Amino acid sequence: MKGGYRDGAGRKKGFAALEAEKAREFIAQEVSASLGPIISNLIVQAKKGNIQAKKELFDRAWGRSQTQIALSDDRQAPTPIMSLEVAESIQQALVKVYGVKKLENAEVVA
């Protein structure tokens with residue numbers, strides 16, 4: 001049998017990963033046991049004006065609000081690489097130096 005999941009395959013869990021799992025499990029049990037007093041304290045803090053406590057309570061009770069992103073097409077015309085004045089001065093310099101009046105295969109984009 002090739003491919004797929006096989007017993008014993010993959011990286012073995014190290015000591016740190018095993019200890020972290022145990023710590024998470026312990027913390028989850030302690031928080032579950034103390035959930036009533038924690039929530040009561042959070043409500044008291046929210047009533048006193050603690051904004052973070054209010055946000056936490058509302059987020060946990062009704063979920064986070066969805067952020068609305070306004071999409072608009074405010075794109076402007078592309079900015080030219082160089083202005084027409086600069087292009088004309090380059091053209092004049094070429095005429096002075098090389099006697100060339102127009103470059104072959106050259107385009108000026110306005």
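The values are calculated or read from the model by the stated rules, or taken from the named source; none is laboratory data. Source: prediction; values computed, not measured. Here Cβ is always computed from backbone atoms with ideal geometry, including for glycine, and neighbour counts include all displayed protein chains.
Applying the selection to segment 24-36, what residues are over 16 Å from ARG60 (Cα atoms) and not small (Gly, Ala, Ser)? Give the steps one after another, and end with the answer.
So the first thing to find is which residues in segment 24-36 are over 16 Å from ARG60 (Cα atoms), and the list is 24-30, 33-34.
Scanning segment 24-36 gives ARG24, GLU25, PHE26, ILE27, GLN29, GLU30.
How about segment 41-55: which of its residues are in a helix (DSSP H, G or I) and either exposed (fewer than 15 other Cβ atoms within 10 Å of the Cβ) or not assigned by TED's automatic domain parsing to the domain that holds VAL31 (or both)? Walk me through how you get there before you give the answer.
Going residue by residue through segment 41-55, those that are in a helix (DSSP H, G or I) are 41-47, 51-55.
If the condition is that a residue be in a helix (DSSP H, G or I) and either exposed (fewer than 15 other Cβ atoms within 10 Å of the Cβ) or not assigned by TED's automatic domain parsing to the domain that holds VAL31 (or both), then ASN41, ILE43, VAL44, LYS47, ILE51, GLN52, LYS55 are the ones that fit.
I'd like to know if segment 34-47 contains one or more residues that are farther than 23 Å from ARG64 by Cβ and among the aliphatic types (A, V, I, L, M).
Going residue by residue through segment 34-47, those that are farther than 23 Å from ARG64 by Cβ are 34, 36-37.
Applying the additional criterion that residues be among the aliphatic types (A, V, I, L, M) yields none.
Among the residues of segment 34-47, not one is farther than 23 Å from ARG64 by Cβ and among the aliphatic types (A, V, I, L, M), which makes the answer no.
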